[in-house]
1. Classify segment 324-391 from the C-alpha gyration tensor, please: rounded if a/c falls under 1.5, else prolate or oblate depending on whether a/b exceeds b/c.
2. Order 198-211, 112-125 from most to least packed using the mean count of other Cβ atoms within 10 Å.
3. log10 I(q)/I(0), Debye, Cα-only segment 147-297, no solvent, q = 0.10, 0.12, 0.14, 0.15 Å⁻¹?
4. May I ask you to list the residues of segment 115-141 whose amide nitrogen lies under 18 Å from a point 7 Å from Cα along the Cα→beta-carbon direction of residue 201?
5. By counting other Cβ atoms within 10 Å of each Cβ, how are 296, 331 ranked from fewest to most?
6. Suppose R0 equals 41 Å; then what is the FRET efficiency for residue 352 and residue 174 from their Cβ-Cβ distance, rounded to the nearest 0.05?
7. If packing is taken as the average count of other Cβ atoms within 10 Å, what order do 169-175, 265-271 fall into, highest mean first?
8. Kindly state, to the nearest 0.05, the FRET efficiency for residue 159 paired with residue 51, given R0 = 25 Å and r defined as their beta-carbon distance.
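Derivation of every value follows stated rules applied to the coordinates shown; laboratory data play no part. Small disclaimer: the values here were computed from a predicted structure and weren't measured. Ideal geometry is used to build each Cβ from the backbone, glycine not excepted, and the neighbour counts take in all protein chains shown.
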């Protein structure tokens, strides 16, 4: 799509500019002016950011890291559900175009402040192995963007980060015409009936509904939006079975404002409501009626981290490890609530992750609400998933 090309071009230009700036560091004169001192400190803080955030000094490629939770799993549904069970893969990455880090801590206190401009990409794909003819892979979400993030790392309760960015979201599909959609329905119905021998297959109401539902996967949806997010962490201790356990609860809140264009204005309007799509799109509804606010609560235990929490007495309890330590080191859960701009059309997602033997990251998910897929974001659905948590 044109708008994806524009965003990727901006990323390359910004990254080239930062590389050029880094190459100028050795050219600073011995007696630098105040302006040159500023740029020297600027480049030095950028180097500190790379050394802290990257896997290897001086290599921005190794600065690629996870953005949103990513996973690979099996999505299960009721047998009567038109969409059917499938495999689902979601990958979300971010890459720093520029970063700056300052360490204000000491030997006893962790206090690192950083700010950076990131390029992010999130993609989601469904693989209908065994549940659809020819086992297609369907693009569900294509979500590139650029955002600024300020964050600091401490072991005290409080706000941990703030970010604001510009994003494009679409499903990567192309059908925006009723005639083309009807042809797609006919093609899918023909594929369904290839596997069935009875002559009434084409007139069967359930098969027609299935074909229509599958065809909606190829509807083109897309919009640009501005997103602002913040993270607040609450750290405290609890006494459990003679143990002093650190409890870390992270609150993530995101608000979105949608533009009436796509691709930085290259395409006018949002692909959000299709007048001829009867029974799926609701006349008068918009994407912000379903996808404006999001709150995620993530909680985990940490026995070893208790002593690092400020002003907490973590003495007491025996020093032998038990099942609680194993549970604390390998388990976390989260609840995500999302709604429209009037706090309407509530959706929720429950997630549980456990690392068996500290290695295998099992992920369990239950979703109930709107916006499971962008193509049918106005429809309510529910499903469960079992899979592997990637990050």
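1. On the way: a/c = 3.74, a/b = 2.26, b/c = 1.66.
Prolate, because a/c is 1.5 or more and a/b exceeds b/c.
2. Numbers: 198-211: 13.0, 112-125: 19.2.
Per-residue Cβ counts within 10 Å, averaged per peptide and sorted highest first, yield 112-125, 198-211.
3. The computed values of log10 I(q)/I(0) come out as -0.61, -0.73, -0.83, -0.88.
4. 130-136
5. On the way: 296 19, 331 15.
Least crowded to most crowded, the residues run 331, 296.
6. Working: r = 37 Å, r/R0 = 0.90.
That gives a FRET efficiency of 0.65.
7. Details: 169-175: 19.4, 265-271: 14.1.
Most protected by this proxy first, the peptides run 169-175, 265-271.
8. Details: r = 25 Å, r/R0 = 1.00.
Once rounded, the FRET efficiency stands at 0.50.
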